[in-house]
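Heads up, the thing below is written out as structure tokens.
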Amino acid sequence: MIPFDPEHPLAQTLGLTRREFFGRTAQGFGSLALASLMPNLLRFAGQQSAAPLGHFHHTPKAKRIIYLFQAGGPAQQDLFDYKPMLNKMHGQPLPPEIRGAQRLTAMSANQSVIPCAGSPFKFSQHGQSGAWFSEILPHLSEISDDLCFVKSMFTEAINHDPAITFFQTGSEQAGRPSMGSWLSYGLGSMNEDLPAFVVLASAGQGDQPLYARLWGSGFLDSRFQGVRFRSGGDPVLYLSNPDGVCGSGRRAMLDRLSELNKLEFQKELDPEIESRIAQYEMAYRMQTSVPEVTDISKEPEEVFDLYGPDSKHPGTFAANCLLARRLAQKGVRFIQLYHQGWDHHGGLKGEISKQCKKTDQPAAALIKDLKRLGMLDDTLVVWGGEFGRTSYSQGPLDPNSFGRDHHPRCFTVFMAGGGVNAGTTYGHTDAFGYNVADADGNPLHPSKQTFTEGAVHVHDLQATLLWLLGVDHQKLTFSYQGRDFRLTDVHGHVVKALMKGA
């Protein structure tokens, strides 16, 4: 520990108490650490930037991400991963060697029989890529050559909450910063009048709850947390001035409050005070910027036709996809959409059809719209859930009421734009859609500890998304409680094969 001498000339010159000395020393060391982490890239407390800071770890392929997170775990074998073997063996027990020693959830662990469940939907190939699509995805299948599929995703989490938390924060345990917060911290904002990280959630969807911690800043500064836009009333709570308060009055109040906070900061040396000042100022600017960007009434009728009839109803997935495009146009760096309703333990045939009806056209429309506007090349769109579903039936194998359990061993996500290889599929699963496999269909046993060619762990996907935005996941770190943290923890590999020109 550094000794403090109140008689030291420096201490006397500055008039420092012991508390102030250590507070300022810690702050200075922290600033040096941040500056050395990403030179000329990170901002110091209180500063704002209206444009990209311009100094990345490498040349970025994308400027922004729109992440369409499908909470609940979409069944890959009923959407994208066509497995005729399941239909051939429909009703027969899943071979023991396919399952191996994999743990099952309590919802199906006690079943006396684990029967293979073929998809009730027809599949066909589309585009020059020949990608397989279920019949319940007619709109996405139209843009198959714009999509980059990853069919060999895997994770460790087998239940929803840790699995969703893992995708959002890189850890199954709550408390870490979310991906959008890491990017906000590392790259800053492209528009000083809007947050760098905005969250939209479909209204009226059930299933697993969504927690604000999923878009929280964790141990990062609170200014980097996501800002959730609501579908009713003020898009952001308390954004409008209350009755009797005018704009000039609000400005004067903020000026006086800022002066008081600066006095408090000089006394306490708490950086969170400066963060609060910056957040008040952002809220003031958002009073003008947010109503403008969320007002979709002036969009041409053909745009609403593109996204579907739900796009005129705030809070729907379709309306949020349209709003995401508008936010992207305004320079929001990370736009996170959440759509619940994919947790189909029973009644899968009818329920997954309903979800596809809500999401298929809007997701395809977003990609078409970005392409129409010339924005797809530098906007990365990501679609996927927290894990997949089992190739066997949970409960009795009734054609209309059967369901699928949680399955972390293999599942599918897709991406579009932002420098990824369009019209390609990366990775394979075995004939039963149960394990990540090599090109010949032989099961692999990937691990997050070591990179397995053809398999993509959650940390690998996160590392790849950061890389596409010009960030090296191993260098974007933050020191907390004596340890350097990063989104990908101590794992993760950039999957260059997913990138255009790699």
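The values are calculated or read from the model by the stated rules, or taken from the named source; none is laboratory data. Every value quoted in this text rests on a predicted model; they were computed, and no experiment measured them. Ideal geometry is used to build each Cβ from the backbone, glycine not excepted, and the neighbour counts take in all protein chains shown.
Among (1) of a type in the set (A, V, I, L, M, F, W, C); (2) buried (at least 20 other Cβ atoms within 10 Å of the Cβ); (3) in contact with a helix residue (DSSP H, G or I) (Cβ under 7 Å, 6 or more places away or on another chain), which single condition is Val436 missing?
Status for Val436: all satisfied but (3).
Any residue at all in segment 355-374 that is buried (at least 23 other Cβ atoms within 10 Å of the Cβ), in a strand (DSSP E or B) and on the phi < 0 side of the Ramachandran plot?
Scanning segment 355-374, I find no residue that is buried (at least 23 other Cβ atoms within 10 Å of the Cβ), in a strand (DSSP E or B) and on the phi < 0 side of the Ramachandran plot, so the answer is no.
Select from segment 176-195 the residues that are at pLDDT below 95 and outside any helix (DSSP H, G or I) and list them in ascending order.
Gly188, Ser189, Met190, Asn191, Glu192, Asp193, Leu194, Pro195
For segment 1-12, indicate whether the set of residues that are touching a Ser or Thr at 6+ places or on another chain (Cβ under 8 Å), within 30 Å of Leu476 (Cβ to Cβ), at pLDDT below 50 and in a loop (DSSP other than H, G, I, E, B) is non-empty.
Among the residues of segment 1-12, at least one is touching a Ser or Thr at 6+ places or on another chain (Cβ under 8 Å), within 30 Å of Leu476 (Cβ to Cβ), at pLDDT below 50 and in a loop (DSSP other than H, G, I, E, B), which makes the answer yes.
May I ask you to list the residues in segment 429-469 that are among the small types (Gly, Ala, Ser) and over 29 Å from Leu86 (Cα atoms)?
Ala463
Hey, among Ala463, Ala497, Ala455, which residue is under 22 Å from Arg103 (Cβ atoms) and modelled with pLDDT of 95 or more?
Ala455
I want to confirm something. Restricting to segment 83-133 and keeping residues that are hydroxyl-bearing (Ser, Thr, Tyr) and modelled with pLDDT of 95 or more, which single residue is farthest from His407 (Cα to Cα)?
By that ranking, first place goes to Ser129.
Quickly run through segment 308-340 and pick out the residues that are assigned to a strand (DSSP E or B) and of a type in the set (Ser, Thr, Tyr). Lay out the reasoning, then the answer.
Taking segment 308-340 first, the residues assigned to a strand (DSSP E or B) are 334-339.
Tyr338, the sole residue that qualifies.
Answer yes or no: is there a residue in segment 234-244 that is among the β-branched types (Val, Ile, Thr), at pLDDT 70 or above and either out of contact with any strand residue (DSSP E or B) (no Cβ under 7 Å at 6 or more places or on another chain) or in a strand (DSSP E or B) (or both).
In the first step, residues of segment 234-244 are kept if they are among the β-branched types (Val, Ile, Thr); the result is 236.
Those left that are additionally at pLDDT 70 or above: 236.
Checking which are either out of contact with any strand residue (DSSP E or B) (no Cβ under 7 Å at 6 or more places or on another chain) or in a strand (DSSP E or B) (or both) leaves us with none.
Scanning segment 234-244 turns up no residue that is among the β-branched types (Val, Ile, Thr), at pLDDT 70 or above and either out of contact with any strand residue (DSSP E or B) (no Cβ under 7 Å at 6 or more places or on another chain) or in a strand (DSSP E or B) (or both).
Residue by residue, here is whether (1) free of Cβ contacts under 8 Å to residues at least 12 places away in the same chain; (2) part of a loop (DSSP other than H, G, I, E, B); (3) among the hydrophobic types (A, V, I, L, M, F, W, C); (4) within 27 Å of Arg326 (Cβ to Cβ) holds:
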{"position": "Pro120", "(1), (2), (3), (4)": "no, yes, no, no"}
{"position": "Trp132", "(1), (2), (3), (4)": "no, no, yes, no"}
{"position": "Lys151", "(1), (2), (3), (4)": "no, no, no, no"}
{"position": "Phe166", "(1), (2), (3), (4)": "no, no, yes, no"}
{"position": "Leu200", "(1), (2), (3), (4)": "no, no, yes, yes"}
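Assess whether Val456 counts as being touching a strand residue (DSSP E or B) at 6+ places or on another chain (Cβ under 7 Å) and under 22 Å from Ala163 (Cα atoms).
It is true that Val456 is touching a strand residue (DSSP E or B) at 6+ places or on another chain (Cβ under 7 Å) and under 22 Å from Ala163 (Cα atoms).
Pairs under 7 Å by beta carbon, first residue touching a residue at least 12 places away in the same chain (Cβ under 8 Å) and under 25 Å from Ile136 (Cα atoms) in segment 364-375, partner part of a helix (DSSP H, G or I) and hydroxyl-bearing (Ser, Thr, Tyr), six or more apart or different chains?
The qualifying pairs are Ala365/Tyr307.
Do the conditions hold for Ala328, that is, is it small (Gly, Ala, Ser), touching a helix residue (DSSP H, G or I) at 6+ places or on another chain (Cβ under 6 Å) and closer than 29 Å to Gly216 by Cα?
The answer is no for Ala328.
Determine, yes or no, whether Asp81 is charged (D, E, K, R), touching a strand residue (DSSP E or B) at 6+ places or on another chain (Cβ under 8 Å), touching a residue at least 40 places away in the same chain (Cβ under 8 Å) and closer than 24 Å to Gly350 by Cβ.
Details: charged (D, E, K, R): yes; touching a strand residue (DSSP E or B) at 6+ places or on another chain (Cβ under 8 Å): yes; touching a residue at least 40 places away in the same chain (Cβ under 8 Å): yes; closer than 24 Å to Gly350 by Cβ: yes.
Yes.
Identify all residues within segment 475-502 that are of a type in the set (D, E, K, R), farther than 24 Å from Asp377 by Cβ and touching a residue at least 60 places away in the same chain (Cβ under 8 Å); write none if there are none.
Lys475, Arg486, Asp489, listed by residue number.
Only one of these is exposed (fewer than 13 other Cβ atoms within 10 Å of the Cβ), of a type in the set (Ser, Thr, Tyr) and farther than 19 Å from Lys357 by Cβ: Ser108, Ser129, Ser112, Ser124. Name it.
Exactly one residue qualifies, and that residue is Ser112.
Where the second residue is surrounded by fewer than 14 Cβ atoms within 10 Å (Cβ to Cβ) and of a type in the set (A, V, I, L, M) and the first is on the phi < 0 side of the Ramachandran plot and lies in segment 202-222, which pairs have Cβ atoms under 9 Å and are six or more apart or on separate chains?
If the second residue must be surrounded by fewer than 14 Cβ atoms within 10 Å (Cβ to Cβ) and of a type in the set (A, V, I, L, M), no pairs are left.
Criterion first (of a type in the set (Gly, Ala, Ser) and either in a helix (DSSP H, G or I) or within 19 Å of Met415 (Cα to Cα) (or both)) does Ser297 satisfy it? Step through it out loud before you land on a result.
Numbers: of a type in the set (Gly, Ala, Ser): yes; either in a helix (DSSP H, G or I) or within 19 Å of Met415 (Cα to Cα) (or both): no.
Against the criterion (of a type in the set (Gly, Ala, Ser) and either in a helix (DSSP H, G or I) or within 19 Å of Met415 (Cα to Cα) (or both)), Ser297 does not qualify.
Filter segment 462-498 for residues that are in a loop (DSSP other than H, G, I, E, B) and among the β-branched types (Val, Ile, Thr) and give the result.
Matches in segment 462-498: Val471, Thr477, Thr488, Val490, Val494, Val495.
Suppose we filter segment 380-437 for residues that are within 30 Å of Val332 (Cα to Cα) and part of a loop (DSSP other than H, G, I, E, B); how many remain?
8
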